[in-house]
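The values are calculated or read from the model by the stated rules, or taken from the named source; none is laboratory data. Just so it is clear, the structure is predicted and the values come from calculations on it, not from any experiment. Here the Cβ is made from the backbone with ideal geometry for all residues, glycine too, and neighbour counts use every protein chain on show. All accessible areas refer to the heavy atoms of the entire protein, side chains included, with ligands and DNA or RNA removed. Shrake-Rupley method; radii C 1.70, N 1.55, O 1.52, S 1.80 Å.
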Amino acid sequence: MQIAVIGTGTPSPAESAAAETVGALLADGGAVLLCGGLGGVMEAVCRGAKAHGGTTVGIIPGTEGENPYVGVVVRSNMGEVRNALIVASADAVVAVGGGYGTLSEIALALKMKKEVFGVGTWTIDGVVPCAAPEDAVLRAVSAARRSRPSGNRPSPEGSS
């Protein structure tokens, strides 16, 4: 399963700690972490996932500048348009804090019928507020499993 984590590039210490916990828990649950690949919440979530042996994918807006915890770098050279790629590639979304960039990703995710779980983020219809990172991850993993009932990606034709 692939879970996107979105959030501010300038988090508070509490938001950074929450993001790092989200990353660790996603890695422990076997999820592939998708994010914007830069600093702030994106770096904290990748740090947490990497510390727990997780796979981190950062879809960066340019061709350089990814954080040191991104394992797979997608150099989009698409600026903020890359936000659509992040949420479109996800089975569920966790938002930690956030400004207008995060709001745009939330809006895109909701339009794409992706479930969004928030920790200290925008209070809007469609975003499920979660009191703690553990709650957000539990809900996101459950949503991701619902979006992929077999728990796996479809097999290519002709393979078993």
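Please determine whether any residue of the stretch 76-86 is among the acidic types (Asp, Glu) and more than 23 Å from Thr10 (Cα to Cα).
No.
Do we have any residue at all in the stretch 60-77 that's within 22 Å of Leu138 (Cβ to Cβ), open to solvent by 50 Å² or more (accessible area, probe 1.4 Å) and either of a type in the set (S, T, N, Q) or over 12 Å from the mean Cα position of the chain (by Cα) (or both)?
Within the stretch 60-77 (the criterion being within 22 Å of Leu138 (Cβ to Cβ), open to solvent by 50 Å² or more (accessible area, probe 1.4 Å) and either of a type in the set (S, T, N, Q) or over 12 Å from the mean Cα position of the chain (by Cα) (or both)), the answer is no, since none of the residues qualifies.
Do you know which residues across the stretch 105-123 are open to solvent by 50 Å² or more (accessible area, probe 1.4 Å) and within 18 Å of Val41 (Cβ to Cβ)?
Answer for the stretch 105-123, where residues must be open to solvent by 50 Å² or more (accessible area, probe 1.4 Å) and within 18 Å of Val41 (Cβ to Cβ): Ala107, Leu108, Gly120, Trp122, Thr123.
Considering the stretch 8-60 alone, what residues qualify as being on the phi > 0 side of the Ramachandran plot and in contact with a strand residue (DSSP E or B) (Cβ under 7 Å, 6 or more places away or on another chain)?
Gly37, Gly40
Residue check: is Gly101 under 19 Å from Gly30 (Cβ atoms) and of a type in the set (Gly, Ala, Ser)?
no
Against the condition closer than 15 Å to Val141 by Cβ, buried (at least 18 other Cβ atoms within 10 Å of the Cβ), polar (S, T, N, Q) and touching a helix residue (DSSP H, G or I) at 6+ places or on another chain (Cβ under 9 Å), how does Thr21 come out, does it pass?
Considered against the rule, which asks whether it is closer than 15 Å to Val141 by Cβ, buried (at least 18 other Cβ atoms within 10 Å of the Cβ), polar (S, T, N, Q) and touching a helix residue (DSSP H, G or I) at 6+ places or on another chain (Cβ under 9 Å), Thr21 comes out as yes.
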